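Chemist: Take a look at this one; I'll ask things after.
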Amino acid sequence: PSASFTNLGETERNRLYASLKESYDAYKLRGMKLDMSRGKPCPEQLALSKGMLDLLTSSDPLQAEDGTDCLNYGGIDGIPEAKRLFSRLLGVSEQEVIIGGNASLNMMYDALARAMLHGVYGSETPWGKLPKVKFICPSPGYDRHFAICEQLGIEMIAVDMLEGGPDMDQVEKLAGEDDAIKGIWCVPKYSNPDGITYSDETVDRLASMRTKASDFTIFWDDAYTVHHLTDEPDPLKPILAACKAAGHPNRVYLFCSTSKITFPGSGVAAMASSEANVSHIRKHLSAQTIGPDKINQLRHVRFLRDIDHIEAHMKRHADIIKPKFDRVLHKLEASLGGKQIAWWNKPNGGYFISLNTLDGCATEVVRMAAEAGVTLTKAGATFPYGKDPRNRNIRIAPTFPKLEELETAIDILCLCIQMVSLTKLQGDR
Ligand code: PMP
């Protein structure tokens, strides 16, 4: 392991900076364009699902198992076989599932927009009619969740992420004291970006905590529920059952999609909740749409079949992307390990590696990396309002680039982190 940067003397520091800068300038001259900004599957991953496109032809039966003609209007909440498949994915019953369109984010936006316009099942007042609505946002988190809140005028309160999920002492205190706090965003498995899976205790505390708002709702975005990188998947306690057991059966909305199982943008999304919530939502949905795309549902169910097939399919995804995660982790360790200038997680699944620099360095690292051709997620994006209070979190998305490109991109990132850290440590003296 290398020496901590904090122990370097002035001369060593200057010499090191000069040599790092030389490498950095050489990269800049190469004029590369490498994008590690969004969690997108690579072409090899997409190829795993291309066979799905050949599964439905004009000569195939295009009826759902209850006889519904998938070529025509009919059904507001999905075909039975799709509900069955998603009920297994989300750990709920088939009666508790609503199948949506091509994207779960869309279902989340709609669910929150409906809550603002009409309230949720059991609300006394539509949230949008209240003087203030606030949401708890465990951070770092998913920037698009925060964008929904920002757009709907919902005030965001950041809460720290700990090893087993959000800091529940903070969450309980906030939710228990302020009736303007109407909900919380959660990515409970292999969280975006930290790769954290919520502990059983976290799930139980979320399900059972006292909330000042009686219609407090957990937005449980289980986007990475089958996206394991190891043979020992992180277990996640089923939240709907926990909420029921705690006497709050209507507290949670679950979401997921096949975006990173089959095709992002052309997958199938679903949500789940108590039967009371689901029938309330269905009523509102019927004003929003005549019904979702059943052809795509049929195609997906015929291709993915059941949970065992999905697990096998996800193993093939892991075979493609695990080497990329490993390479990034190896490189980070080789370049930054022991230097006390960066810390990162080693996720068991999901799409991201989350890295923290010394306080105050992330923006400059991302800017310098961009100057050398490496696009990273904007610094701060993983926090509400795009403001990382410690300006230190950087989200690395290793899945899309080719292995060689990834190596170069991480080399550049590590150079930038070291240079910015040296400058910062110099300034702190
Ligand atoms: N939730 C999380 C946590 C994500 O990282 C993403 C991005 N893949 C999404 C939702 C978006 O999912 P969808 O394509 O179903 O809208």
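Chemist: Report, ordered by the first and then the second residue, all pairs with beta carbons closer than 8 Å, sequence separation of six or more or different chains, a first member in the stretch 220-231 that is within 10 Å of K189 (Cβ to Cβ) and modelled with pLDDT of 95 or more, and a second member that is more than 11 Å from the ligand (Cβ to nearest atom) and among the polar types (S, T, N, Q).
Modeler: H228/N348
Chemist: Let me ask something else. Considering the stretch 92-135 alone, what residues qualify as being crowded, with 21+ Cβ neighbours inside 10 Å and within 16 Å of the ligand (Cβ to nearest atom)?
Modeler: Matches in the stretch 92-135: V97, I98, I99, G100, S104, M107, M108, A111, L112, F135.
Chemist: Next up: So, in the stretch 210-223, exactly how many residues are buried (at least 19 other Cβ atoms within 10 Å of the Cβ) and closer than 14 Å to A246 by Cβ?
Modeler: 3
Chemist: Give the stretch 37-61 a look and list any residue that's over 17 Å from D319 (Cα atoms), hydrophobic (A, V, I, L, M, F, W, C) and part of a helix (DSSP H, G or I), or say none.
Modeler: Residues satisfying the conditions are M52, L53.
Chemist: I'd like to check something: does the stretch 334-342 contain any residue that is closer than 25 Å to S4 by Cβ, touching a residue at least 40 places away in the same chain (Cβ under 8 Å), crowded, with 18+ Cβ neighbours inside 10 Å and among the basic types (K, R)?
Modeler: Yes, because at least one residue in the stretch 334-342 is closer than 25 Å to S4 by Cβ, touching a residue at least 40 places away in the same chain (Cβ under 8 Å), crowded, with 18+ Cβ neighbours inside 10 Å and among the basic types (K, R).
Chemist: Also, I was wondering about something else. With the structure loaded, tell me whether F325 is at pLDDT 95 or above and under 30 Å from D66 (Cα atoms) or whether it fails that test.
Modeler: Criteria not met by F325.
Yes or no, residue by residue, for (1) assigned by TED's automatic domain parsing to the domain that holds A82; (2) of a type in the set (G, A, S); (3) under 30 Å from L355 (Cα atoms):
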site: S259; (1), (2), (3): yes, yes, yes
site: P264; (1), (2), (3): yes, no, yes
site: H280; (1), (2), (3): yes, no, no
site: I320; (1), (2), (3): no, no, yes
site: F325; (1), (2), (3): no, no, yes
site: K331; (1), (2), (3): no, no, yes
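Chemist: Might you check whether a residue that is within 16 Å of the ligand (Cβ to nearest atom) and either more than 20 Å from the chain's Cα centre (by Cα) or part of a strand (DSSP E or B) (or both) occurs anywhere in the stretch 185-203?
Modeler: Yes, the stretch 185-203 has at least one match.
Chemist: While we're here: Got a sec? Which of G100, G31, G91, G74 is under 30 Å from I281 (Cβ atoms), at pLDDT below 95 and under 33 Å from the mean Cα position of the chain (by Cα)?
Modeler: The conditions single out G74.
Chemist: Out of all the residues in the stretch 249-276, which are over 22 Å from the mean Cα position of the chain (by Cα) and more than 18 Å from V97 (Cα to Cα)?
Modeler: Correct list: empty.
Chemist: Of all residues in the stretch 45-91 being within 16 Å of the ligand (Cβ to nearest atom) and surrounded by 17 or more Cβ atoms within 10 Å (Cβ to Cβ), which is nearest to K294 (Cα to Cα)?
Modeler: Selected residue: G78.
Chemist: Another question about this same structure. May I ask you to verify whether Q418 is outside any loop (DSSP other than H, G, I, E, B) and either surrounded by 22 or more Cβ atoms within 10 Å (Cβ to Cβ) or in the same structural domain as G39 (by TED's automatic domain parsing) (or both)?
Modeler: Answer is yes for this residue.
Chemist: Run D388 past the list (1) more than 16 Å from the ligand (Cβ to nearest atom); (2) outside any loop (DSSP other than H, G, I, E, B); (3) of a type outside the set (G, A, S) and report the number of the one that doesn't hold.
Modeler: Going through (1) more than 16 Å from the ligand (Cβ to nearest atom); (2) outside any loop (DSSP other than H, G, I, E, B); (3) of a type outside the set (G, A, S) one by one, D388 breaks only (2).
Chemist: May I pose another question? What about R15, is it in a helix (DSSP H, G or I) and outside the structural domain of V374 (by TED's automatic domain parsing)?
Modeler: no
Chemist: To continue, here is another question. Which pairs do you get when a residue that is farther than 13 Å from E405 by Cα, found in the stretch 371-386, comes within reach of a residue that is of a type in the set (D, E) and part of a loop (DSSP other than H, G, I, E, B), reach meaning Cβ atoms under 9 angstrom, with the pair 6+ apart or on two chains?
Modeler: What qualifies is A379/D388; G380/D388; A381/D388; T382/D194; T382/D388.
Chemist: Next up: Looking at N356, N393, N345 in this structure, which one is in contact with a Phe, Trp or Tyr (Cβ under 6 Å, 6 or more places away or on another chain), among the polar types (S, T, N, Q) and within 25 Å of Y198 (Cβ to Cβ)?
Modeler: N356
Chemist: Still on this structure, I have one more. Determine whether the stretch 52-68 contains at least one residue that is farther than 17 Å from R302 by Cβ, of a type in the set (S, T, N, Q) and in the same structural domain as G183 (by TED's automatic domain parsing).
Modeler: Among the residues of the stretch 52-68, not one is farther than 17 Å from R302 by Cβ, of a type in the set (S, T, N, Q) and in the same structural domain as G183 (by TED's automatic domain parsing), which makes the answer no.
The values are calculated or read from the model by the stated rules, or taken from the named source; none is laboratory data. Just so it is clear, the structure is predicted and the values come from calculations on it, not from any experiment. As a convention, Cβ positions derive from the backbone with ideal geometry for all residues, glycine included, and neighbour counts pool all protein chains shown.
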